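The values are calculated or read from the model by the stated rules, or taken from the named source; none is laboratory data. All of these numbers come straight from a predicted model, not from anything done at the bench. Because the Cβ atoms are built from the backbone with ideal geometry, glycine has one as well, and the counts that use them run over all protein chains shown. When the accessible area is computed, the model is the full protein with side chains, heavy atoms only, and any ligands, DNA or RNA have been set aside. Shrake-Rupley method; radii C 1.70, N 1.55, O 1.52, S 1.80 Å.
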Amino acid sequence: MKLGYVILYVPDVPATVAFYEKAFGLQRRFLHESNTYAEMETGATALAFAAETMADLNGLTVRFHRPKEVAAAVEVALVTPDVEGAFQRSVQAGASPVQPPKQKPWGQTVAYVRDLDGVLVELCSPMSA
């Protein structure tokens, strides 16, 4: 077994893709012509977005992310050597700042923002071996 995809249900797939491109510098791998599904280039595991309507079509009952509500108990972690720069760029692109970059006791630098849909995004430096 291996992790293949992390899929976030969002209200507007193209807008979320454009936000992740601008805020985090990710590249679009695929956007379906229906605008209901997209994938970003993120390495071995794809970060994907599906339209909220797809949850119902898949027979799922979920609580959607909303920017004005408390963040769900899940986060997307993006690894970068420049956490401070990533934090500033994402906030300038419209992310909501949650916690500025801080050095953790284990040596990693970590910051948190929320994306345009209210999803919690961790920006962190690589872990040392």
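When the residues of the stretch 9-25 are filtered to those that are of a type outside the set (Val, Ile, Thr) and surrounded by 17 or more Cβ atoms within 10 Å (Cβ to Cβ), which remaining residue is nearest to the chain's Cα centre (by Cα)?
So in the stretch 9-25, the residues of a type outside the set (Val, Ile, Thr) come out as 9, 11-12, 14-15, 18-25.
If we keep only those that are surrounded by 17 or more Cβ atoms within 10 Å (Cβ to Cβ) too, we end up with 9, 19-20, 23-24.
Working: Tyr9: 11, Phe19: 10, Tyr20: 7, Ala23: 10, Phe24: 9 Å.
Per the criteria, the residue is Tyr20.
Return the pairs, sorted by first residue and then second, in which the second residue is among the hydrophobic types (A, V, I, L, M, F, W, C) and open to solvent by 30 Å² or more (accessible area, probe 1.4 Å), the first residue lies in the stretch 66-83 and is closer than 17 Å to Ser96 by Cβ, the beta carbons are less than 6 Å apart, and the residues are 6+ apart or on different chains.
Filtered contacts from the stretch 66-83: Ala71/Leu120; Glu75/Leu120.
Hey, among the residues in the stretch 4-32 that are assigned to a helix (DSSP H, G or I) and in contact with a helix residue (DSSP H, G or I) (Cβ under 7 Å, 6 or more places away or on another chain), which one's farthest from Pro67 (Cα to Cα)?
Let us first name the residues in the stretch 4-32 that are assigned to a helix (DSSP H, G or I), namely 13-24.
From what is left, the residues that are in contact with a helix residue (DSSP H, G or I) (Cβ under 7 Å, 6 or more places away or on another chain) are 23-24.
On the way: Ala23: 16, Phe24: 18 Å.
So the residue we want is Phe24.
Name the one entry in Phe87, Phe64, Phe30 that is within 26 Å of Pro126 (Cα to Cα) and among the aromatic types (Phe, Trp, Tyr).
Going through Phe87, Phe64, Phe30 in turn, just one is within 26 Å of Pro126 (Cα to Cα) and among the aromatic types (Phe, Trp, Tyr): Phe87.
Could you count how many residues in the stretch 92-129 are surrounded by 14 or more Cβ atoms within 10 Å (Cβ to Cβ) and closer than 26 Å to Ala50 by Cβ?
17
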